[in-house]
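K.L.:
The following block contains the structure, expressed as structure tokens.
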Amino acid sequence: MTFQTLWRLVAPVATVAMAAAAPAALAQAPAAWPSKPITMIVPFPPGGVADTVARPVAEAMSRSLGQTVVVENRAGAGGGLGMAQVAKAAPDGYTVMMTLSSISIIPEADTILGRAPMYQLNQFTPIARFTADPTVLVVRADAPWKDAKAFIAAQKKGDREVTYGSSGNYGSMHVPMEMLRSQADIRLLHVPYTGAGPAVVALLGGQVDAVSTGPASVLQYISAGRLRALAHWGEGRLASMPDVPSLTELGYPVQFAQWSGLFAPANTPPAVVEALRNAARAAAADSRVLAAVQGAGSPIQYMDAPAFKTYWDADARTLAQVVRKIGKVE
């Protein structure tokens, strides 16, 4: 048999085999990601917990990924506007979000208010949790209440209506105060702002009497003698505030954690999610991130995606129950 005859027999088979193999080879080819800067949305104004965590984490992730990670604050609707933007973003890894536990609250609140939710939780892919702090009840240093018992007793007496600021209706500063109000049977007037930063500024300026927020938002002012922490919504004592009791200790069994976590839009390619997870893991161990976040009063409590997803699911169920108990708030 001549070579030409043999080739006529085997060439069609070889051509089919090569054609079949080509898509598989292309499918296994590594994608050139990231090939441009990544946007990290923080759905709150500067100065709050999410912003405090996002900025050093973004810098660390930039170093790992070899591309700039740019933090953009997109505040409004208690964080809902920025979260909805990320939910609808292209799932290509170029838009991610650092947000708080209020991500789980807003869809339930929208339902209670009789409107279409701005987003659903299944529109997000969890990447990593970075912090998980109980919120802290804070007043100005010149306030008449020296501890939480005095604060609660004063509200029971009703000498005057005490106001508290928050990041918006049903947000992670509103919900814990409503939990305390219900448990202690006291009267408080809620004053919503666009984020933790503006709410803390309002407290410092005397526009409101108290806030409940993460330690990272207020520790510097407590250290400077401008604010006083009365209690917190955790279980034990906080390392950053060892002299501050929990509300549970004081006989009011209410607990609330304001965690910060990194998310991508749902359906982001698995390889990109894996790269984001690796960069987030490196950021959580980065000495500069540790110094910045822990220096603000929030120790890193890192969870990788699988553990974070389990934690988030359970927390979301609890928060949905709390929101339903609060009911409709105009």
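The values are calculated or read from the model by the stated rules, or taken from the named source; none is laboratory data. A quick note: this is a predicted structure, and the numbers were derived from the prediction, not measured. Positions of Cβ are backbone-derived with ideal geometry, glycine not excepted, and every protein chain shown enters the neighbour counts. All accessible areas refer to the heavy atoms of the entire protein, side chains included, with ligands and DNA or RNA removed. Shrake-Rupley method; radii C 1.70, N 1.55, O 1.52, S 1.80 Å.
K.L.:
Considering only DSSP states other than H, G, I, E and B, which trypsin sites (Lys or Arg not before Pro) in the range 271-330 qualify as loop sites with at most 15 other Cβ atoms within 10 Å?
P.N.:
Lys328
K.L.:
Quick check: at a probe of 1.4 Å, how many percent of the accessible area of the range 194-330 sits on carbon and sulfur atoms?
P.N.:
Ligands and nucleic acids excluded, carbon and sulfur reach 53 percent.
K.L.:
For the range 184-288, state which GluC sites (Glu not before Pro) are in a DSSP loop and have at most 15 other beta carbons lying within 10 Å of their beta carbon.
P.N.:
For GluC sites (Glu not before Pro) across the range 184-288 that sit outside H, G, I, E and B with at most 15 neighbouring Cβ atoms in 10 Å, the list reads Glu235.
K.L.:
Also, I was wondering about something else. What is the pair-distance distribution P(r) of the chain, computed from all Cα-Cα distances in 10 Å bins starting at 0, with each bin given as a whole percent?
P.N.:
6, 25, 31, 18, 8, 4, 3, 2, 2, 1, 0
K.L.:
Then there is this: Between the range 97-122 and the range 202-229, what is the C-alpha centre distance in whole Å?
P.N.:
If you average the Cα positions of each part, the centres end up 27 Å apart.
K.L.:
Can I ask one more? May I ask for the angle, rounded to the nearest 10°, between helix 270-285 and the longest principal axis of the chain, with both axes built from Cα atoms and the value confined to 0 to 90°?
P.N.:
For 270-285 against the chain, the angle is about 50 degrees.
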